1. If packing is taken as the average number of other Cβ atoms within 10 Å across a peptide's residues, how do 16-26, 241-251 rank, most packed first?
2. Accessible area per residue of region 58-158 at 1.4 Å probe, in Å²?
3. I need the phi-derived Karplus couplings for region 229-235: 6.51 cos²θ - 1.76 cosθ + 1.60, θ = phi - 60°, integer Hz, Gly and Pro marked x.
4. Pop out the carbon and sulfur fraction of the accessible area of region 271-347 as a percent, whole number, probe 1.4 Å.
5. Stretched out fully, how many nm does the piece from ILE309 to ASP34 gain, at 0.36 nm a residue minus the Cα gap?
6. Read through the labelled values (i) 0.95; (ii) 0.97; (iii) 1.06 and report the label of the one computed as Rg/Rh (Cα atoms, Kirkwood Rh) from the structure.
7. Share of region 1-146's accessible area from carbon and sulfur, percent, 1.4 Å?
8. Enter the accessible area per residue of region 385-427 (Å², integer; probe 1.4 Å; all protein chains in place).
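The values are calculated or read from the model by the stated rules, or taken from the named source; none is laboratory data. Computed from a predicted structure; not experimentally measured. Cβ: placed from backbone, ideal geometry, glycine included. Neighbour counts: every protein chain shown. Just the protein is used for accessible areas: all its heavy atoms, side chains included, with ligands, DNA and RNA removed. Shrake-Rupley method; radii C 1.70, N 1.55, O 1.52, S 1.80 Å.
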Amino acid sequence: MGALMVAVAFFGLLAFGLPVGFAIGVAGVVGIIDMGPRFMQMVPDRMFAGLDLFPFLAMPFFILAGEIMNRSGITMGLVRLADALVGWMRGGMAHSNMVASVMFAGLTGSATADSAAFGNTLVPAMVKGGYSRPDACAVTAAGSIIGPTIPPSTLAIIYGSIMGVSIAGLFAAGILPGLLICAICMTVIALTARRKGLPKGAGRPSLRLVGAALKEGFLAALLPVFILGAILGGFATPTEAAAIAVAYALVVGGLVYRALSWRDLYEVAVRTTRITGVIFLIIASASILGWWMTFNRIPQAIAEGMLSISDNPMVIIGLILLLLLVIGLVMDINATLIILAPVLAPLTVQIGMEPVHAGIMIILALNISLMTPPVGACLFVLASVTGEKVEAITRELWPFILAEVTILLVVAYWSDLTLFIPRLLGL
C-alpha cells in the first residue's frame with residue numbers, strides 16, 4: 001500500500017507539472033509518513049546526508065569553468081579547429097559538430113550545456129550552410145551526450161560518490177565509449193550525407209589552415225588535457241582539478257582573451273548557481289526516497305524479480321539496460337541515477353560485473369535518454385534556443401539513437417573495451 005501511495009504521489013505530481021526535485025521529495029515524504037510519524041525526523045537528516053559528500057563540490061566547479069569558457073567565446077576556437085580537421089568532407093559541418101562535441105565535453109561534462117551552446121552558434125551556421133534546421137538540431141542532440149560520457153562527467157561524479165566507486169576510474173572508462181559515440185555518429189552522417197544532399201566543404205585541410213585553427217583553439221583544448229592529466233595521473237582529486245579549471249578559465253578568458261566583463265561574471269555565477277541548485281535539490285530529494293526504498297527492501301525485491309526471470313548475466317544486463325532506457329523516457333537522469341544506482345549496482349556485482357564497468361554502462365544508458373522523447377532534456381533545450389519543434393528534431397534523430405544504442409550494447413557486453421584505459425592507468 002505504501003509503495004502504491006508513493007508511486008501515485010510521484011507520477012501524479014509530475015503530471016501536474018511539479019518540478020521533478022519536488023515531486024521526488026514529496027513522494028519520499030509520503031512513504032515515510034505511511035511508515036509512522038516518528039520517522040519524519042529522518043527527512044532533514046537524509047536530505048543533508050545525501051549532499052554531505054566532498055566529491056559533489058566538483059560539480060559546481062566544473063559547471064562554472066564550462067560557463068566561463070563558453071561566455072568568453074573561447075570554445076568557438078574549438079569549433080573552428082574541428083572544422084579545419086573534418087569540415088572538408090561531405091556533410092562537413094555536421095562532422096565538425098561531432099568533433100567539437102568531443103572537445104567541448106572536456107570543458108563542461110554537460111549535455112545540456114553542449115546543446116545550448118551549439119544550438120545558439122552551430123545550428124544557425126549549419127542552416128545558413130544548406131542544412132535543414134531539424135537535421136542540424138538532430139546532429140547537435142546526438143553529439144551532446146558525448147559531454148556527460150567523456151570526462152569530466154557530472155554523472156560519473158554523482159555515481160562514484162554515492163556508490164563508492166573510483167571517480168578517476170569512471171572518468172578513464174568513459175573516454176573510449178565517448179569516442180565511439182563520435183565515430184558512429186560520424187558514420188551515420190557519412191552514410192546519409194549524399195541521400196540528404198548535404199553540402200561538401202571547400203577542400204582538404206592544409207597544414208597552414210590547421211595550424212592557424214590550432215593556435216586559436218590551443219588554450220581551450222589544453223584545459224581538458226590538463227584536467228584529465230591531473231586526475232588520472234594522481235596529482236589532484238576531481239574536486240581539486242575542478243577548482244583549478246575555474247582558475248584557468250578565469251585567467252584565459254579574462255586576462256589572455258580579455259573577453260569577460262564583471263557583468264559576464266555575475267551572469268555566469270547566477271547561471272551556475274541555478275544549474276547546481278536544481279541538481280542538488282534532486283539529489284537531496286532522491287536521498288529521502290532512496291532511504292524509504294532501502295528500508296522497505298525494494299531494491300532487493302527488484303533484484304530478486306530480475307534474477308527470478310533468469311540467472312544468465314547476459315539476460316540480466318539486457319533487463320537492466322531496458323529498465324534504464326524505459327525509465328529514462330519519463331524521468332530526469334540525475335534523479336534516475338540516484339534512485340536506481342543503489343538498486344542496480346548490487347545486482348551487477350552479483351552477476352560478476354566490475355563496478356567501474358557497471359557504472360559506465362548505467363551512465364551511458366541514461367545519457368541516451370537525454371535525447372529521447374517525451375522528456376529528453378537536450379531536445380527541449382534545442383527546441384527553445386532554435387525555435388524548432390521537438391517532433392521535427394526527433395524524426396531526424398532516430399538513426400543516431402539506434403547507432404548510440406548499438407554502442408551501449410557494445411559497452412555493456414564487452415567489458416575489456418571499457419576497462420582498457422582504467423587498467424592501463426592502474427585504476
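1. In descending order of packing, they fall as 241-251, 16-26.
2. For region 58-158, the solvent-accessible area averages 22 Å² per residue.
3. x, 5, 6, 6, x, x, 7
4. For region 271-347, the apolar C and S fraction of the accessible surface comes to 69 percent.
5. Taking 0.36 nm per residue and subtracting the Cα distance, the gain is 95.9 nm.
6. (ii)
7. 70
8. Per residue, region 385-427 has 54 Å² of solvent-accessible surface.
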